[in-house]
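Novice: Here you go, one structure.
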Amino acid sequence: DLVQMRIFRQAEELQRFALETRRAGKRIALVPTMGFLHAGHASLIDIARGRADVVIVSIFVNPTQFGPGEDLDKYPRDFEHDRLVCAEHGADVIFAPEPGAMYAPDASTWVEETMLSRPLCGARRPGHFRGVTTVVTKLFHLALPDVAVFGRKDAQQLLVIKRMVRDLNFPIEIVAAPLVRGADGLALSSRNRYLSDEEHQQALVLSRALRAAKPALEEAGLEGAPAVVSAVRHEIEAAGGRVDYVELLDVETLENPTAETKEALFALAAYFGSTRLIDNELIQVKK
Ligand code: PAF
């Protein structure tokens, strides 16, 4: 509850708490977020709650994962609301540092995954995943979690983090949480806040197109896929969106599917007005 929940602003405070918690033999779960928490985030906290003794939610709008001209300055924030969501869902600790408490002014070390972060959002947002893997590494070193929970909405981010954890031997279990949609189908995102009512209506095309494309792709197999992919692209544009990408990639490699591909990621990114939204579905490839 609100009285019990602790709020740390300093990196050292969190790390000291995490070390003591582990020495006491307790399991820690971390839910990394950028705040402005919605029901998708709440579901991550619920999953964390079921898997550990101590749940830490980090709320940090990480400047290093935003490119020049992106929405760092206007990214929505509401700490009071976030505090209530964390308390209601049983978090024990909120870690909410200022940027200066996370990055030394002369910080010069990065963690970079170099394969899975190349296509999709990586190609359109240079440096984005390097910022994510660097801050997530820092959060792992501060919160010392046994388990960390990430949403499937950011499908590529999840794959990149799993690869980093494998490659760098982090002793942390990464749990993938289901994507959460609003009643109208729109994938929940803090960025939905930027949409006008009209843009919100237009953006419903993403989930609508995905829902129709999933069985079509699974039925069509790899030969039939390009036609479905291009139909989705046109559907988004007809609804008033500006397509950033519509791609079907092997979920293991994030390269074009081959005869070996068992499961594929069908990933969409599109602008509605100036707001860029993403959505995705996993596709079982017919043999
Ligand atoms: O998914 C997010 O909100 C962010 O990319 C994360 C994982 C909290 C890192 O800043």
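Novice: Exactly one of these conditions fails for Val111: (1) closer than 26 Å to Asp250 by Cα; (2) of a type in the set (A, V, I, L, M, F, W, C); (3) within 13 Å of the ligand (Cβ to nearest atom); (4) touching a residue at least 60 places away in the same chain (Cβ under 8 Å). Give me its number.
Specialist: It fails just one condition, (4).
Novice: Checking Met164 against (1) more than 18 Å from the chain's Cα centre (by Cα); (2) within 12 Å of the ligand (Cβ to nearest atom), only one condition comes out false. Which one?
Specialist: That leaves (1) as the condition not met.
Novice: Here is a further query. Can you pull out the residues in segment 229-287 that are touching a residue at least 24 places away in the same chain (Cβ under 8 Å) and in contact with a Pro (Cβ under 8 Å, 6 or more places away or on another chain)?
Specialist: The answer is Glu247, Leu248, Leu249, Leu254, Glu255, Ala264, Val285.
Novice: Just to check your reading of the model, which residue among Asp78, Asp92, Asp53, Asp82 is touching a Gly at 6+ places or on another chain (Cβ under 6 Å) and either surrounded by fewer than 14 Cβ atoms within 10 Å (Cβ to Cβ) or in contact (Cβ under 8 Å) with a residue 24 or more places away in the chain (or both)?
Specialist: Answer to the check: Asp82.
Novice: Just a yes or no: is a residue in segment 168-178 under 15 Å from Asn280 (Cβ atoms) and surrounded by 15 or more Cβ atoms within 10 Å (Cβ to Cβ)?
Specialist: yes
Novice: When only residues in segment 232-287 that are surrounded by fewer than 16 Cβ atoms within 10 Å (Cβ to Cβ) and acidic (Asp, Glu) count, which is farthest from Gly122 (Cα to Cα)?
Specialist: Selected residue: Glu260.
Novice: I would also like to ask the following. Any residue in segment 168-190 that is part of a helix (DSSP H, G or I), more than 10 Å from the ligand (Cβ to nearest atom) and either in contact with a Phe, Trp or Tyr (Cβ under 7 Å, 6 or more places away or on another chain) or not β-branched (Val, Ile, Thr) (or both)?
Specialist: no
Taken together, the values in this text are just the output of simple stated rules run on the coordinates, not laboratory data. Just so it is clear, the model here is predicted, and its values are computed rather than measured. Note that we place each Cβ from the backbone using ideal geometry, even for glycine, and neighbour counts take in every protein chain shown.
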